[in-house]
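Heads up: the structure comes next, in structure tokens.
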Amino acid sequence: MPTRSRTLAATAVLLSPLLVVPLSAPAASAGGSLGSSVAVDWSRTAVRTIFVERGTAPPLGALYLSFTSLAVRDAARQGQRLGSHAAAAAVAQAAHDVLLEYFPLSRTGLDADLATSLAMVPDGSKERAGVATGAAAADAMIASRADDGRFDPQYVYTKTAANGVWPAAAVPGGMAFPWLGFVDPVVDVAPVTLDGPDPVSSAAYARDYEEARLLGPKTGSTRTADETATAEFFAANSIVSYRNALGDLLDAEPMGLLPTTLLFARIDAAVATAFIQTWRLKYEVGFWRPAQAIAAGATDGNDGTSPHPETWVPLVTNPAYSDYTSGHAAATSPFAQVVRRTFGDDTPLVLKGSGTQRSYATLSALEYDTLNARIWGGLHFRDAMEDGYYLGHTTADRVMTAIR
């Protein structure tokens, strides 16, 4: 059934009263508190290993983050049957083993972090049982992802320049991660139905074109100084800043081992799932970005698009893939939706960037900035952002139903 684009404000109004289902945080025993802190610590370790130490790009890193969190969730559930100390050990071991499998060059740090976690667990049969449980959960996850389509060389993006098309020659080396849209899912949920980008001949496209043309260039833009700063802030890897902000929140208000591991598993599975569908659309639809569109404004056949010199350059350097739908939306909207449905829209987050930080009192305010940042940065048309946020919110809702 076709869907239609919707504004972020309208989406928030529709979703907030219907879908907020806060998890009740159990009273934490000493062991439960330990388990919660170990889960948050290993979430930070995963982010550090994947993105900081190894510099993995967000679309690929989201996959590995989901592998880790899903294994940890399984380990926590199995370990909890043996007691809280066993569960804490299971969480640490599972995270360590999954990360070590995919990032062996980080062994020294991972081994040290595991030793720190296990030192907080009393020695004995419970610790040994937890370690075995965690190792088994990691092994199961690693086995399930063997031959899952990662790096499959058969997928090569080959579209050539044409009206409305992002060409493979737009960047050296062509499309990044062309296989990602075909990789095995991390959770079994239905893809989201979208109506595709607005036709280049349409009035809706002309409106988006003019907005991008005026707001997105590096020089000569009608952006405000704050809009420029916002676009530049969110040009960095947002997954890192979101996850660190959430970790700070959970440090201040721990919610227990099982709810914490469930939260991370839902977030990471939703983000990975959104990235997979997003990359399938980028590969199959291949809609051009504002940079290509504006250079062709005089010949696109739409009287509503103002021609512009080929000197139009976006504020933020374009990545090596097409416009529709937004990859940044795939990183942001599933995260925001899972957190919204867990704690409510008025969840405060403090995002830390390079030498600066931004505080958001609500998730809707965060999403307003992140959606518009990609337009202010000259990276996307509004349709790609709105459809990307609808994709991310809907994917998150489906993943939350599937993972319990």
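Each value in this text was obtained by applying a stated rule to the coordinates, not by laboratory testing. Because the structure is a prediction, the values reported are computed rather than measured. Cβ atoms come from the backbone with ideal geometry, glycine included; neighbour counts cover every protein chain shown.
See the values below:
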| quantity | calculated |
| --- | --- |
| Translational D in µm²/s for region 213-324 (Stokes-Einstein at 10 °C, 1.306 mPa s, Kirkwood Rh from C-alpha pairs) | 91 µm²/s |
| Relative pair counts by distance (%), Cα atoms of the chain, 20 Å bins | 28, 55, 16, 1 |
| Contact order relative to length of the chain, as percent, for alpha carbon pairs under 8 angstrom and 6 or more apart | 24 percent |
| Estimated FRET transfer efficiency when R0 is 30 angstrom, pair Thr299-Ala236 (beta carbons, to 0.05) | 0.30 |
| Ratio Rg/Rh [Cα only; Rh per Kirkwood] for region 129-223 | 1.17 |
| Amide hydrogen neighbours beyond the local backbone of Val165, cut-off 5 Å, H modeled | Trp288 |
| Note, ³J(HN,Hα) from phi for region 247-258, Karplus 6.51, -1.76, 1.60, rounded to Hz, x at Gly and Pro | x, 4, 5, 6, 5, 6, 9, x, 10, x, 5, 5 |
| Gain on full stretching of the segment that runs from Lys352 to Glu53 - 0.36 nm per residue minus C-alpha separation | 105.9 nm |
| Hull shadow area, averaged, region 172-232 [alpha-carbon convex hull, nm²] | 7.7 nm² |
| Net lengthening on full extension, Thr108/Ala161 (0.36 nm per residue, minus Cα-Cα) | 14.4 nm |
| Region 168-402, Rg to Rh (Cα coordinates; Rh as Kirkwood inverse mean 1/r) | 0.98 |
| Three-way shape label, region 61-169, alpha-carbon gyration tensor, a/c 1.5 | prolate |
| Positive-pole candidate from Ser354, Thr160, Leu99, dipole of the chain, charges at beta carbon | Leu99 |
| Tensor-based shape of region 277-336 (alpha-carbon gyration tensor, a/c under 1.5 rounded, otherwise prolate or oblate) | prolate |
| Total formal charge among the other residues, if their Cβ is under 14 angstrom from that of Ser84, Lys/Arg +1 and Asp/Glu -1 | +2 |
| Candidate lysines for bridging to Lys218, where Cα separation is under 30 Å - those fewer than 8 sequence places away on the same chain excluded | Lys159, Lys282, Lys352 |
| Separation between Cα centres of region 120-184 and region 194-266, rounded to whole Å | 23 Å |
